[in-house]
Amino acid sequence: MKNSIYYITDSANWVIREIGISLERHLKIHNFKMISNARFKFRGIKHYSTRYAAGKFIFKDPLAKRILTYFHGEDADIELLSKLRKNQNNIDIIHTSCKLTKYHLIKNGVADEKIKIIPIGIDVDQFKVASIEEKIRLREKLGIPSNSVVIGSFQKDGNGWNEGNEPKLCKGPDLFCDVVEKIHNENPVVVLLTGPARGYVKNRLIAAGIPFKHIYLENYQDIHKCFAVLDLYLVTSRLEGGPRAPMECMASGIPIISTKVGQTPELIEHGKDGYLVDIDKTDKMKDLVLSILSNDSIKNEFIKNGLEKVKAYDYQIIAKRYLDELYNPLMK
């Protein structure tokens, strides 16, 4: 169909595919279809969901309009950025999720007028603030003492899809372990991990004598149960397009402390609904964690303000922005 929207993603069960699932749920009535390849000639709009498709735009597509999503990258991505820079005239819109990535693209030769910013969102109604009784029940199910301080980290931060013993440094697993070790020395904690390839973090926690639980969820829809177990969540990444975890924390009533990466500077108002920390400042992050653990008024303020803030990131709103700002302009 002429006005169909084809969101092209891979089959791996990770964030980019989950974004497509959420968009399809809200945009299905607008002929939005998630597909795994675009080798066939489609009329309508082809939306390539990852930056790795930058080399596919050598020629114009006479049948379709084309969008490329580029969530994050670094200047060291020389080959990828070269392809994007050379082929950008064959791309109708380059979509990203945050100002930091937009500045990175412009600095590397991508035209400002090509770029549209729409943040990553979440389905807010999949999350809720757990009662004390629910938190205790879920902790008991995992074998975590009810009175423990539980810190969460739910992202893939090892290279590859196996054990992940080699750290993916852009995700900051080394920084996460450094911070948790500093916290544990002053206030014992338990760490809850989800996601694949967490071997590096697990090995570091074992070496430091820090108890942890690692759960690999088959169904992302169950992630709300993991947030319900937590006291707080840490993002220690050096590079991100999102991440989604801060929004998921806000929707779950969990305090969030994050490095200044991706869309977090646009999401988190420091000291009002979370804390933002410069990358590599592990002592500062440790001090902020301890301030939350020792001050219920800070924690409660973050929870109250976060629950209100995250409403703007619900996919019911974000999907409409995709339609109004990306798709409809190309259908005219």
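The numbers here are math on the coordinates, done by the rules we state, and not lab data. Note that the coordinates shown come from a computational prediction; the quantities given were computed from them, not determined experimentally. Positions of Cβ are generated from backbone atoms using ideal geometry, with glycine treated the same way; all protein chains shown enter the neighbour counts.
Quick notes
- DSSP beta bridges in the stretch 124-313 [antiparallel fraction, %, rounded to 5]: 5 percent
- Efficiency of FRET between residue 238 and residue 207 - r from beta-carbon atoms, R0 35 angstrom, step 0.05: 0.95
- Among 206, 21, 317: highest mean-square fluctuation, GNM of the chain, C-alpha pairs under 10 Å: 206
- Database remark: amide H of residue 155 closer than 5 angstrom to the amide H of 194 (H placed geometrically; neighbours at sequence offset of 5 or more, or on other chains; Pro and chain starts carry no H).
- Listed residue pairs exceeding 26 Å between alpha carbons, taken from 102/304; 102/128; 182/213: 102/304; 102/128
- Relative contact order computed over the chain (Cα-Cα under 8 Å; 6+ residues apart), in percent: 17 percent
- Taking a straight Cα-Cα cut-off under 19 Å and skipping sequence neighbours fewer than 8 places away in the same chain, the lysines within cross-link reach of residue 60 are 2, 41, 46, 83, 86, 114, 332.
- Per-residue Karplus couplings for the stretch 238-248, computed as 6.51 cos²θ - 1.76 cosθ + 1.60 with θ equal to phi - 60°, are listed in order as 9, 8, 8, x, x, x, 7, 3, x, 5, 5 Hz, Gly and Pro entered as x.
- As a calculated quantity, the FRET efficiency between residue 186 and residue 321 at R0 = 56 Å, using C-beta atoms, amounts to about 0.85.
- Relative contact order for the stretch 97-213, counting Cα pairs under 8 Å that sit 6 or more residues apart, in percent: 23 percent
- Loop-located GluC sites (Glu not before Pro) in the stretch 126-175, at most 15 other Cβ atoms within 10 Å (DSSP): 163
- Gain in span if fully extended, residue 60 to residue 297, counting 0.36 nm per residue against the direct Cα distance: 79.7 nm
- Rounded to the nearest 5, the antiparallel percentage of DSSP beta bridges internal to the chain is 5%.
- Sequence-distant residues sharing a close amide H with residue 7 (under 5 Å, placed H): 33, 34, 35, 47
- Over the chain, dividing the summed -39,500 (n - 2.57) contributions of all DSSP H runs of at least 4 residues by the number of residues returns a 222 nm mean residue ellipticity of -10500 deg cm²/dmol.
- Selected from 230, 27, 290 as most flexible by GNM, with the chain as the system and alpha-carbon contacts under 10 Å: 290
- Of all aspartates and glutamates in the structure, the ones whose alpha carbon falls short of 17 Å from that of residue 65, not counting any fewer than 8 places away in one chain, are 92, 113, 324, 325.
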